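The values are calculated or read from the model by the stated rules, or taken from the named source; none is laboratory data. Quantities reported herein were computed from a predicted structural model and do not represent experimental measurements. Please note: Cβ atoms are built from the backbone with ideal geometry, for glycine as well, and neighbour counts cover all protein chains shown.
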Amino acid sequence: MPTLLITGANRGIGLELTKRYATDGWTVIAACREPQSATALKAIRGITVEALDVTDYAAVDKLAQTYDGTAIDLLLNNAGIYGNRDGALKVSDFDIYLEVLRVNSVAPMKLALAFLPHLKAAQNRSGGGAKIATISSRMGSIEQGSGGSYAYRASKAAINAGMHNLALDLKSSNIACITLHPGWVKTDMGGSGADIDVGTSAAGLKKVIDSLTLKDTGKFYNYDGGEIPW
Ligand SMILES: NC(=O)c1ccc[n+]([C@@H]2O[C@H](COP(=O)([O-])OP(=O)(O)OC[C@H]3O[C@@H](n4cnc5c(N)ncnc54)[C@H](OP(=O)(O)O)[C@@H]3O)[C@@H](O)[C@H]2O)c1
């Protein structure tokens, strides 16, 4: 069966995606910051849970070494933070702004590059090629911007650009690379007033990711399969 590496797997959208890939029989490496308190994650049968703070780039390299020689078919960069919910013309803390960029923009690139050998090892398995799927946000769409939330919007625009660039560079290696908007989802980040539940979001994301081919690499998808403008 194919192998998935997913970050931020202990709650929210990441937990739901992990459950669904495990149910489908994938070999799942589920990374989270604090495995000791990840009760729901550890209750999923047959997966491997790894400790990883995605901003600890040395730890990312160490995890890549741990899995040296393991083919990874899908890297799913899910971990993310919102930072401060700043309104118009306001950034309340620039240290938090930088942390949002470290988690949402830099870490997915670091993971992609650290695990490139593992993805390349899977590129010709099961015909489909390896994939990098990164959970971004519609809020990173410059065309659909509406002000405020500077750090979050900038971080998701940055990862959209980074992953688009990577898609161009990895096409010849048969590795497809996309970013996805999960919808406005009822999680700790999305809040209880959000539009959809995690099941609806994860089902849609998984369908888009599973049907991805190299033809669609470099695109920015909504969870329902529609394309989102940059
Ligand atoms: N919910 C929405 O409406 C919505 C909309 C658009 C995009 N998104 C994106 O969807 C993704 C998942 O969001 P969610 O709604 O499921 O959020 P969530 O419930 O707040 O979960 C966020 C996850 O990211 C992990 N995380 C945060 N910082 C991390 C770090 N430094 N290292 C490792 N893991 C870290 C958290 O781990 P801890 O438990 O250790 O904090 C948690 O597992 C994010 O990228 C988010 O930006 C969500």
It is to be established whether one or more residues within the range 164-181 are farther than 20 Å from residue 21 by Cα and either within 14 Å of the ligand (Cβ to nearest atom) or among the charged types (D, E, K, R) (or both).
yes
Quick one: which of 179, 187 is touching a helix residue (DSSP H, G or I) at 6+ places or on another chain (Cβ under 9 Å) and surrounded by fewer than 20 Cβ atoms within 10 Å (Cβ to Cβ)?
187
Looking at residue 107, is it without any contact (Cβ under 8 Å) to a residue 12 or more places away in the chain and over 22 Å from residue 2 (Cβ atoms)?
no
Give the range 1-43 a look and list any residue that's among the β-branched types (Val, Ile, Thr) and either at pLDDT below 95 or surrounded by fewer than 19 Cβ atoms within 10 Å (Cβ to Cβ) (or both), or say none.
23, 27, 39
Residue among 86, 56 that alone is without any contact (Cβ under 8 Å) to a residue 24 or more places away in the chain and not aliphatic (A, V, I, L, M):
56
Is there a residue in the range 60-67 that is at pLDDT 95 or above, within 17 Å of the chain's Cα centre (by Cα) and among the acidic types (Asp, Glu)?
no
Just to be sure I understand, how many residues within the range 202-211 are under 16 Å from residue 77 (Cβ atoms) and more than 15 Å from the chain's Cα centre (by Cα)?
0
Answer from 67, 97, 21 - the residue that is over 23 Å from residue 122 (Cβ atoms) and among the aromatic types (Phe, Trp, Tyr)
97
